[in-house]
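Structure record follows, encoded as structure tokens.
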Amino acid sequence: MSDGPAIPVVTATAVPAPESPARPGAEVTVPGLPDEAYDHDGQLTKREIRAVTLAALAPRPGELLWDIGAGSGSIAIEWLRSHASCRAVAVEAQPDRAERIRGNAAALGVPALAVVAGSAPAVLDELAAGQAPDVVFVGGGLTIPGVVERCWAALRPGGRLVANAVTAETEADLVRHRASLGGELTRIQISRSTPVGRFTGWRTLMPVTQWTAVKPTPEEIP
């Protein structure tokens, strides 16, 4: 048993904080809140991708999530909204985004979300000294050496890791990690309707490559 600092225990109920203005869709507890529900600077996992990602993360009561490169905090927030006993830590390197995550969490009913303003992988050893995560989502920092490796090492046996890539470089990293750690790759492509004069056309969002992997238990390791 480690004597390191303990990860805060997050128990939350998805009810907007009294001092916070209502956000669009804030009363909905299933994944995929409207994008307008979040204050963000462009670093936001879009609604449809977010719903697919939460399905891949598969939150279960009482589980602890690490959201690495959390951006606006949407993944960690909707993880917590899935069940009152779920717990989450959002790691974000940029202080202004970390503060924005706190605001979003308060407005969307999970003000107890633990937010760590720091860079991965440097902050991960301290987090791991508290409690091993059940699930890890990597939405940012995939090209930083050591991030995925440190997350995988910290993940409890049987735990799940999900990572999303939107650039060719990060997609190449996911292919490399899958080759060494196993798992599955999925390409997600979303199009939204948009006005074209008096007609309607389709605007395609950037495709997302998603890698999911389950860490073997000792019994499963050859």
Projected onto the charge dipole of segment 165-214 (unit charges on the beta-carbon of Lys, Arg, Asp and Glu, signs +1, +1, -1, -1), the Cα from V175, T212, I188 with the largest positive-side position is that of I188
Rounded to the nearest 500, the 222 nm mean residue ellipticity computed for the chain from DSSP H runs (n ≥ 4, each -39500 (n - 2.57)) alone is -8500 deg cm²/dmol
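Provide Rg over Rh for segment 139-222; use the alpha carbon set for both Rg and the Kirkwood Rh (inverse mean inverse pair distance).
Details: Rg = 17.0 Å, Rh = 14.7 Å.
Looking at segment 139-222, the ratio lands at 1.16.
How high is the relative contact order of the chain, given as a whole-number percent (alpha carbon pairs under 8 Å, six or more residues apart)?
On the way: 461 pairs, mean separation 43.0, N = 222.
Relative contact order here is 19 percent.
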Out of G201, G141, G69, a Gaussian network model of the chain with alpha-carbon springs under 10 Å gives the largest mean-square fluctuation to G201
Given unit charges at Cβ for Lys, Arg (+) and Asp, Glu (-), the dipole magnitude of the chain about its Cα centre in debye, nearest 20, is 660
So for R0 = 45 Å, FRET eff. of R176-A84 from the Cβ-Cβ r, to 0.05, ends up at 0.75
Farthest towards the positive end of the dipole of the chain, among L127, L57, L155 and with Cβ unit charges of +1 on Lys and Arg and -1 on Asp and Glu, lies the Cα of L57
Here the gain from full extension of R192 to R156, 0.36 nm per residue of separation minus their alpha-carbon distance, amounts to 9.2 nm
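Since every read-out is calculated from the coordinates, none of them should be taken as a lab result. Worth saying up front: this structure is predicted, and the values here are computed from it rather than measured. Please note: Cβ atoms are built from the backbone with ideal geometry, for glycine as well, and neighbour counts cover all protein chains shown.
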